[in-house]
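Student: The structure's right below; bear with me while I get my questions together.
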Amino acid sequence: MLVGSHLSIAGGMHLAIEAAVRLGLDCVQVFTKNQRQWKVKPLRQDEVDAFRAAVRAAGWDRHPERRLVSHNSYLVNLASPLRAMRARSRALQVEEIERCEALGIPSCVMHPGAHLGTAGDPRDEAAGIKRLAAELDAIHRSTRGCRTVTCIENTVGSGTNLGGPLEHLGRIRASVADPDRVAFCIDTCHATAFGHDASTPAKARAFWSHARKALGAGTVRVIHANDSKGALGSHLDRHEHLGRGACGRAFFASIANAAALRHVPMVMETPKEGRLRGRDPDRANAAWLRALALLMAAALPMLAIGGCRPWAKPESEVAAMRAGTAVEPTPEEADRMRRAQAVAQRGDYQQALVEFRSILAENPRLVDAQLAVGRTTMAQGDLRAAQRSYEAAIRADPRNVDAQVGLAGVHAAAGRPDDAMKCYRQALVIAPADLRAVRGVADMLEVTNQSSAALPFVERLCADPGADADTWTRLGQAYLRAGRNADATAAFEEAVALGEVGQPTMDGLVAAYAAELRYVEAASAAGEYARRWPTAAASERAAWLAFRAGDYGRAIAAYRAAAQQDPRSIKAWNGVGVCALNAWILSDRLDGAAREEARGAFERSLAIEPAQPQVTKLLQSWAP
């Protein structure tokens, strides 16, 4: 999966490439000129040279069609019934293609435009498509020899705009004289806002099946990965951060896990302002999409978009085996693997290992089988065998993240945190968004008493949209250790908001509130903790915090509860005594019952531990 973003060219187009690399992105989309002006400033040779040099430095010159995308001017409307408008638009689009050719940008995204007739009228739509196709033919004749492909983008279908129905796009390509110079860009926000529902796995499968029929196989050259602020069918073109709009997780899972889209640039046009989950918005959105691919959440079968794999091994895989590199399983091998994994899940590890090793005997370079042996022997507790299998998988495929993470787990289980750390860090070099590796680094740093160094990795875990209450609790505890009390409070509150609250979360929240001297909130949280998990210590803490908050009634009630829970608790009896004595004084010494309770509580405390001079003094001075 190739994840990128539309980035600014302010200061020079080459800076967009450098920014993409700095953000850890795989591809980029740019405007090659001001997208809202008809007047075009000529492209200077030094600009071209700087851009191409940045592309080479990024290593993106090998497969530029996977890395570089331009978006044409918003002013272009080749479907217009006005001849002057079409002529002006044609000239601007020719300029765009020539600029892309000079810069080495293989894909140019273009909106299909508006027919400007009656909205929804099939005749006006057909006329607009015919005009658009004729203009594209003219543009192709003017740019003969150029390799840049025009990628027509689906739209929200508002007003008289073409491109809401995917059939519009397919008819455009079918109408041009040179269809090889036309491909498509699918925008997830636009699809949802038009009314294409892909919000569940089944609906996403149906959408891509529809797209394949309407557009043809292999014609999607760019994906715009945007969530939709507008509801399904709203026709509102407003982009939202991934996972926060109406598109649905399954829609993004379908593009993240589709074999046919593996080398298609997925460009985010999401908001750039501020921070998202504590990070640059592009970083955070890219991490969310990559995590979705790693987790295979709501994934679609690859055949839904990419077709079935052949039943025989492709020549490329046979050649790869001869060269000694890792290969993918054939369908037969994959089926045997699934059956063996089902056996392992039932707990019959030995029988599963027999099948996995049988597969490996036939295909020694099958990394999936090596990983399966590693997981199974690890489940058996055979760390040496698991280590051998994971190391074999790494030899076959040094960039296999599962193998690196698996080997790290073996080292961690064997008490070798330094070796585990090396593997986890290598996994992060390969896949910076892999949460297993991030969590592993954090674990190993904490195990080796490097809590401050672990904190950024725990923060990265919480930057993931799927972070659960336990993860946020862990971050809160890390912030407490670092003395960042306000941040700790925010983290524990986030954990509470995520659902059922456990003891560590509530305990941390109490500690964070107290560290911030927010005694009212601390007392309330401590009282809830003592109610859920009643112990004398919990009641004593709730009482002390209530006293600090000035809630003496709640304080004495909690101290009484602690004394009942542990009749030999000196803290509890002394707390009851101090609170009762305080109540007597606040009553202008008229509440005799409070004074008697204070005397009795101090006497019980001294009976348990006589050597308490301060308690003795209180008893003699105020409650003789």
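The values are calculated or read from the model by the stated rules, or taken from the named source; none is laboratory data. In this text, all values refer to a predicted model and were calculated from it rather than measured experimentally. Neighbour counts are summed over all protein chains in view; Cβ atoms, including those assigned to glycine, are modelled from backbone coordinates with ideal geometry.
Student: Out of Ala433, Ala393, I need the residue that is surrounded by 22 or more Cβ atoms within 10 Å (Cβ to Cβ), outside any helix (DSSP H, G or I), touching a residue at least 24 places away in the same chain (Cβ under 8 Å) and of a type in the set (A, V, I, L, M). Which one?
Tutor: It is Ala433.
Student: Considering each residue of region 585-620, count those that are over 18 Å from Arg568 (Cβ atoms) and outside any helix (DSSP H, G or I), and give that number.
Tutor: Counting residues in region 585-620 that are over 18 Å from Arg568 (Cβ atoms) and outside any helix (DSSP H, G or I) gives 5.
Student: Determine the pairs where a residue that is under 15 Å from Glu96 (Cα atoms), located within region 38-65, has a partner that is at pLDDT 95 or above and charged (D, E, K, R) with Cβ atoms under 6 Å apart, the partner being 6 or more residues away or on another chain.
Tutor: If the second residue must be at pLDDT 95 or above and charged (D, E, K, R), the pairs left are Val40/Glu95; Leu43/Arg99.
Student: Which of the residues spanning region 150-168 are in contact with an Asp or Glu (Cβ under 9 Å, 6 or more places away or on another chain) and in a helix (DSSP H, G or I)?
Tutor: Matches in region 150-168: His168 only.
Student: Looking at region 71-90 only, could you name the residues that are more than 36 Å from the chain's Cα centre (by Cα) and either among the hydroxyl-bearing types (Ser, Thr, Tyr) or farther than 25 Å from Asp187 by Cα (or both)?
Tutor: Of everything in region 71-90, those that are more than 36 Å from the chain's Cα centre (by Cα) and either among the hydroxyl-bearing types (Ser, Thr, Tyr) or farther than 25 Å from Asp187 by Cα (or both) turn out to be Ser80, Pro81, Leu82, Arg83, Ala84, Met85, Ala87, Arg88, Ser89.
Student: Can you name the number of the only condition in (1) within 30 Å of Ser142 (Cβ to Cβ); (2) in contact with a Leu (Cβ under 6 Å, 6 or more places away or on another chain) that Val264 fails?
Tutor: (2)
Student: Next question. Go through (1) at pLDDT below 95; (2) under 20 Å from Asn226 (Cβ atoms) and name the single condition His71 misses.
Tutor: (1)
Student: How about region 466-574: which helices (runs of 4 or more DSSP H) wholly inside it have at least 1 residues that are surrounded by 19 or more Cβ atoms within 10 Å (Cβ to Cβ) and more than 41 Å from the chain's Cα centre (by Cα)?
Tutor: Ranges flagged: 536-548, 552-565.
Student: Quick check on my filter: what residues within region 369-383 are of a type in the set (Val, Ile, Thr) and either more than 15 Å from Ala408 (Cα to Cα) or under 28 Å from the mean Cα position of the chain (by Cα) (or both)?
Tutor: Those that are of a type in the set (Val, Ile, Thr) and either more than 15 Å from Ala408 (Cα to Cα) or under 28 Å from the mean Cα position of the chain (by Cα) (or both): Val373, Thr376.
Student: Which condition number in (1) out of contact with any Ser or Thr (no Cβ under 7 Å at 6 or more places or on another chain); (2) among the aliphatic types (A, V, I, L, M); (3) within 29 Å of Ile255 (Cβ to Cβ) is the one that Val28 fails?
Tutor: (1)
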